[in-house]
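First up is the structure itself, then whatever we jot down about it.
The values are calculated or read from the model by the stated rules, or taken from the named source; none is laboratory data. Since the model is a prediction, treat every value here as computed from it, not as a measurement. Here the Cβ positions follow ideal geometry from the backbone for every residue, glycine too, while neighbour counts run over all protein chains shown. The protein model used for the area step is the full one, side chains on, heavy atoms only, and it has no ligands, DNA or RNA in it. Shrake-Rupley method; radii C 1.70, N 1.55, O 1.52, S 1.80 Å.
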Amino acid sequence: MISRRVFLAASGAALMTRPAAGSSVAALRAAPGTAQLAPADYAPTPIWGYGAKVPGPEIRIPQGGELSRRLINELPQATTIHWHGIRIDNAMDGVPDMTQAAVLPGESFDYSFRVPDAGTYWYHPHNRTWEQLARGLYGALVVVEETPPDVDADLVLLIDDWRFAADATLHESFGSLRDWSHAGRIGNWVTVNGVGEYAQPVKAGARLRLRLVNVANARIFPLVLRGFEARVVALDGQPLDAPRVVERITLAPAQRADLIVDVTASEGETAHILEEDREGLLAVADFPVEGRSGRTPGAPLIALPPNPVPRLGDLDQAPRAVLRMEGGAMGRMSGAMMGGRMMAPRDLAGEGKVWAFNGMAELPESPLIAADLGQTVRIAMINDTAWPHAMHLHGHHFRVIGPEGKGPLRDTTLVNPDETVEIAFVADNPGDWLLHCHMVEHSAGGMMTWIRVGA
Ligand code: C2O
Ligand code: CU
């Protein structure tokens, strides 16, 4: 009989050495811990984190490589890991009751999969995400190109907002239906990589790659860049055909943007990433400029190499599903189906459901669309609510299609109130895949459906 303590020590040792084939994989513990999220005059905040830290360990892996991690659940509740944005083997997607059973406290689960696409991804729980993500369970997953672009630094910025009580403990309002039916759990303190008032010294004239990730439960970050000449080179991991100069960029929950920036602020000044708020500009990340880089200014910037995502087929031939979003505060929803019967909003709320997709407040039994393997499909998402929603498709990247043509490849797209956004993608990854709002209170509150690819 091996005691739990001995088992944990043994798997810890596996981190030190490269595991031989068939031996134990590197551990990723989901565990309670503390983090100095607030200024130093506050006590550290009790959190849940991977490796008991916020953020969890940054995972870097070469494109095409195999990623293996043993999730060890030391939380007081069941959990899973979803590898957001990875076009992954379905069995490794981390969706409880769909691709795996949730991992109970004290148990473990081995994830092992190949990463086909270079880019910026992240990992987070997919069980009680509205609580587990808010408590700090997330980490960056960076898949490195064979020949990465020439930059002076490659920085990941995991941008989060926290809802603190006055003593900088996490406010216990996790299941608040008021949040669920409005914008979600919006915080009152912003961190980057678990640090409040994040500051990263840089050199004047330096070229940096900034991998921005919105890991907040529900907050949309409209970001403004100052003191940089910035170009977006990838969105949600996928390279743009050509780098695009930007001064501002909006990141909805779960979205990523890879920027390559040249520091244009001078020595002694500070470059900034700011959040544009109703009241003005709020600091997200500061980059004090210290010293000068030796880099020749104005070096050309070429696009990142594309990932092996299949091209869209003929859109006129593509089957098209319609997804109508309803509910929420100030909405028009008169009722929705749950447990096989029509329920009024008040009764739905009693079950924690405040939204619906196509009149269903829970995951439907049949998929929104069943696609043949390799088929190009379209989904029109109609936002008949008073709130924006960040719609995320698992296992695939899609393009928004519209009168202006096809947008860039993404895995999460914002759909504003009264807007219809139509996406198209090649359903080339077999399995059952979720399509849900990534304002995680909204998905728990009813904004979740799924598609089936292949038999
Ligand atoms: Cu990042 Cu279904 O989630
Ligand atoms: Cu939503």
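Tabulated data for the structure shown
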{"item": "Sequence-distant residues sharing a close amide H with GLY65 (under 5 Å, placed H)", "result": "VAL115"}
{"item": "Rounded to whole Hz, the Karplus (6.51, -1.76, 1.60) HN-Hα couplings of the range 356-372, x for glycine and proline", "result": "8, 10, 6, x, 10, 9, 9, 4, x, 6, 10, x, 4, 8, 10, 9, 6"}
{"item": "Where labels lie 7 Å past Cα in the beta-carbon direction, separation of GLU145 and ALA199 in nm", "result": "3.3 nm"}
{"item": "Note, ³J(HN,Hα) from phi for the range 202-218, Karplus 6.51, -1.76, 1.60, rounded to Hz, x at Gly and Pro", "result": "9, 9, 4, x, 6, 10, 10, 9, 10, 9, 8, 10, 8, 9, 5, 4, 8"}
{"item": "Solvent-accessible area per residue, Å², over the chain with all protein chains present [probe radius 1.4 Å]", "result": "42 Å²"}
{"item": "Gain on full stretching of the segment that runs from ALA91 to GLU276 - 0.36 nm per residue minus C-alpha separation", "result": "62.6 nm"}
{"item": "Relative contact order (%) - criterion: Cα under 8 Å, at least six apart; region: the range 164-303", "result": "29 percent"}
{"item": "Length gained when the stretch LEU363-VAL322 is fully extended (0.36 nm per residue, less Cα-Cα span)", "result": "13.2 nm"}
{"item": "Proximal aspartates and glutamates to LYS203, defined as alpha-carbon separation beneath 19 angstrom and excluding residues fewer than eight positions away on the same chain", "result": "ASP150, ASP152, ASP154, GLU229, ASP262, GLU267, GLU269, ASP286, GLU290"}
{"item": "Amide H partners (placed H, <5 Å) of MET337, local residues excluded", "result": "MET343, MET360, ALA361"}
{"item": "Accessible surface of the range 206-338 [probe 1.4 Å, protein heavy atoms]: carbon and sulfur percent", "result": "48 percent"}
{"item": "Karplus-derived 3J(HN,Hα), 6.51/-1.76/1.60, for each residue of the range 173-190, Hz, glycine and proline x", "result": "7, 5, x, 4, 5, 5, 5, 4, 8, 10, 7, x, 7, 8, x, 10, 8, 10"}
{"item": "Residues whose placed amide H lies under 5 Å from that of ASN429, excluding near-sequence neighbours", "result": "GLY374"}
{"item": "Estimated distance in nm for a label pair at VAL224 and SER334, the labels positioned 7 Å out from Cα along Cα-to-Cβ", "result": "4.5 nm"}
{"item": "Per residue, the convex hull volume that the Cα atoms of the chain enclose (Å³)", "result": "167 Å³"}
{"item": "Normalised contact order of the range 151-203, rounded percent, pairs of Cα under 8 Å and 6 or more residues apart", "result": "43 percent"}
{"item": "With every protein chain in place, the range 344-455: carbon and sulfur % of accessible area (1.4 Å)", "result": "48 percent"}
{"item": "Positive minus negative residues near ARG452 (Lys, Arg vs Asp, Glu; Cβ under 12 Å)", "result": "-3"}
{"item": "FRET E, pair GLU267, THR169, Förster distance 41 Å, beta-carbon r, rounded to 0.05", "result": "0.55"}
{"item": "Added length on full extension, which subtracts the Cα-Cα distance from 0.36 nm per residue, ARG311 to ALA283", "result": "6.1 nm"}
